[in-house]
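I have placed the structure first, in the form of structure tokens, so that the comments after it can refer back to it.
Every number here is computed from the coordinates shown, using simple stated rules; none is lab data. All values reported here derive from a predicted model rather than from experimental measurement. Methodologically, a virtual Cβ is constructed for each residue, glycine included, from the backbone with ideal geometry; neighbour enumeration extends over all protein chains shown.
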Amino acid sequence: MSVPRGLYAIVDPDACRGRDALEVAAAILRGGAAMLQLRMKHGSDTARLELARALASACRAQGVPFIVDDRLDIALLAKADGVHVGQDDLPVALLSQQPLAAGLSLGVSTHTLDQVRIAEAEGAHLLGFGPVFPTRSKRDADDIVGLELLSEAASATELPVVAIGGLDAERAPLARDAGAAMVACISAICGADDPEASARAIHLAAGGEPC
């Protein structure tokens, strides 16, 4: 799967300020997104799968790749384009060897240059790197890596790097210029008064093509 540039939109129902996550995602897609990922830490698996399937359909209609956070089973059942895992989730080395995962984009969250090199060697297709700036979306966030280390990470791998952590329209060009192919956002879009306008601003600032 080819990786475009711009906004890597992460939709988290907990960040949508009580609004319907599917409606928020639809607004984000209208604004512009290079990829869209479902992050759902709470709720039943039934609800998670229902939302994942609805988001997969909405993304297909817009030609935007859809990714599921953490859960290979949900990604497969929802016919997603990929799955994204963290350092404490299923190892990408194991995922990359599974016939069921063939054809899926495998993303990995990384926080150090060593993790970048290991993830690439183990078969990852895309790397999240950060947090670049302080973030409100994760209470147990790793140490801030900053723009300089982001630049080093982008130079250390041939894989596309997604900048994560504290990104918004103002900071997106900084991450782009440091070598990030995309910038990931949660609260800046899901929590925005106007998710469509916010997504559009960030997507364009990160180097995405206008919708």
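Miscellaneous remarks
- Lone qualifier among Ser155, Ser187, Ser198 - being within 21 Å of Asp114 (Cα to Cα) and of a type in the set (S, T, N, Q): Ser155
- For the stretch 170-184, the set of residues classified as over 17 Å from Val116 (Cβ atoms) and surrounded by fewer than 21 Cβ atoms within 10 Å (Cβ to Cβ) consists of Glu170, Pro173, Leu174, Arg176, Asp177, listed by residue number.
- Qualifying residue in the stretch 35-48 (condition: without any contact (Cβ under 8 Å) to a residue 60 or more places away in the chain, surrounded by fewer than 24 Cβ atoms within 10 Å (Cβ to Cβ), among the basic types (Lys, Arg) and closer than 17 Å to Leu76 by Cβ): yes
- Selected residue (criterion: farthest from Gly130 (Cα to Cα)) from residues of the stretch 155-167 that are out of contact with any Ser or Thr (no Cβ under 8 Å at 6 or more places or on another chain) and of a type outside the set (S, T, N, Q): Glu158
- Of all residues in the stretch 61-105, those satisfying the criterion of being under 20 Å from Leu22 (Cβ atoms) and without any contact (Cβ under 8 Å) to a residue 12 or more places away in the chain are Ala61, Gly63.
- When restricted to residues that are in a helix (DSSP H, G or I) and under 20 Å from Ala9 (Cβ atoms), the stretch 155-188 contains 7.
- Among the residues of the stretch 79-136, those that are in contact with a helix residue (DSSP H, G or I) (Cβ under 8 Å, 6 or more places away or on another chain), part of a helix (DSSP H, G or I) and surrounded by 14 or more Cβ atoms within 10 Å (Cβ to Cβ) comprise Val92, Leu95, Ala101, Leu113, Val116, Arg117, Ala119.
- Any hit, the stretch 144-162, residues being crowded, with 21+ Cβ neighbours inside 10 Å, within 15 Å of Leu36 (Cα to Cα) and either out of contact with any Phe, Trp or Tyr (no Cβ under 9 Å at 6 or more places or on another chain) or small (Gly, Ala, Ser) (or both): no
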